[in-house]
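See below for the structure under consideration.
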Amino acid sequence: AQSVTQPDIHITVSEGASLELRCNYSYGATPYLFWYVQSPGQGLQLLLKYFSGDTLVQGIKGFEAEFKRSQSSFNLRKPSVHWSDAAEYFCAVAPVHAGNMLTFGGGTRLMVKP
Amino acid sequence: SQTIHQWPATLVQPVGSPLSLECTVEGTSNPNLYWYRQAAGRGLQLLFYSVGIGQISSEVPQNLSASRPQDRQFILSSKKLLLSDSGFYLCAWAGGLNTEAFFGQGTRLTVV
C-alpha cells in the first residue's frame, strides 16, 4: 500500500528565509504527486502537482517542488518565506490515472517568525 | 464558478449519537465526490468516493457510511458515533479522475 511521510511535524523559519519541506513516499510505481496548503479555518488548496515530464514543478505563491525518483522524494521549496505562508502543508500521492484518490502525509505546520 | 459547501464547521456529539455531515457542490454537474478524515496526529485518509448518484465506494472499513442522494450532494453518516470517530472531515470534488480536487473547509467533529 502507498504511504507518504513528512518527517517534520513543525518547522519555524524567519520571514525572508528559504524553506524546504520534506516529503517521501512509498509506492509500487511513480505516482502522481501533490502539495496542498491549509491555512487556519480554510480548506485545502493545491499548490502544485507532478504528473510527468520536468521533475522541477512550479506552483502558486512562489513555491516549487522537485521530484527525485531515486530518493522517492518530492520536497517543497520556497526561496523567501512571507508571514502569510504560515499554514499547514500536506504532501499527497495518487495512483496514475486515478489522480483524485489521494493518500496524504501527516502534514508539516509552518510558523514564520517576523 | 464552482463552489463546495460543507457544514457544520464544528460539531460536538456524545458517544452513541447519530451523525450527518453534508456536502454540496455548485456550478458543475456529475462531479466525483470524496470524503476524507484527519484523525489527531495522522494524515488525511480517504474514506469514501462517489462517481455518480447512488454509487459509493469505501476505502476503509469503519463505523461510517456515505450516501449520494443527488448529483451534487454527498452525505457522511453514522448511526452510533464512537470516540474514535473524532477528527477533521473534509469533502472534496473533482471533474474527473485526473483533474484537480477541490476541498471544502472541513468539519471538526469531537465525540465526547
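The values are calculated or read from the model by the stated rules, or taken from the named source; none is laboratory data. The shown structure was predicted, so the numbers you read here are calculated from the model rather than taken from an experiment. All Cβ positions, glycine included, derive from the backbone under ideal geometry; neighbour counts span all protein chains shown. Please note that ligands, DNA and RNA were not included when accessible areas were found on the heavy atoms of the full protein model with its side chains. Shrake-Rupley method; radii C 1.70, N 1.55, O 1.52, S 1.80 Å.
A few remarks follow.
- Formal net charge of residues neighbouring B:Leu46 (Cβ-Cβ distance under 15 Å; K, R +1; D, E -1): +1
- Radius 9 Å from Cβ of B:Pro31, net charge of other residues (Lys, Arg +1; Asp, Glu -1): 0
- Nearby lysines by direct alpha-carbon distance to A:Lys113 (threshold 21 angstrom, same-chain neighbours under 8 apart not counted): A:Lys61, A:Lys78
- For the protein assembly as shown, the Cα gyration tensor yields ellipsoid semi-axes of 29, 20, 16 Å (square root of five times each eigenvalue, largest first, whole Å).
- Efficiency of FRET between B:Gln70 and A:Ser70 - r from beta-carbon atoms, R0 41 angstrom, step 0.05: 0.30
- A Gaussian network model of chain A, with springs between Cα atoms under 10 Å, assigns the largest mean-square fluctuation among A:Gly28, A:Gly62, A:Gly16 to A:Gly28.
- Solvent-accessible surface of chain A, averaged per residue with a 1.4 angstrom probe and all protein chains in place: 46 square angstrom.
- For region B:8-93, the per residue solvent-accessible surface stands at 46 Å², with DNA, RNA and ligands left out and a 1.4 Å probe.
- Computed over region B:3-111, Kirkwood Rh from alpha-carbon pairs, angstrom: 13.8
- Each of A:Ser52 and A:Val96 was given a label point 7 Å from its Cα along the Cα-to-Cβ line. The distance between the two points is 0.7 nm.
- Take every DSSP beta bridge whose two residues both sit in region B:3-111; close to 90 percent of them are antiparallel.
- Averaging the sequence gap over all C-alpha pairs within less than 8 Å and six or more residues apart, then dividing by the number of residues, gives chain B a relative contact order of 36 percent.
- Accessible-area composition of chain A, carbon plus sulfur, in percent [1.4 Å probe]: 50
- With the simple spin-label model, which puts each label point 7 Å out from Cα in the Cβ direction, the A:Glu15 to A:Trp83 separation comes to 0.4 nm.
- Local electrostatic count at B:Gln6 - Lys and Arg +1, Asp and Glu -1, tallied over other residues with Cβ under 15 Å: +2
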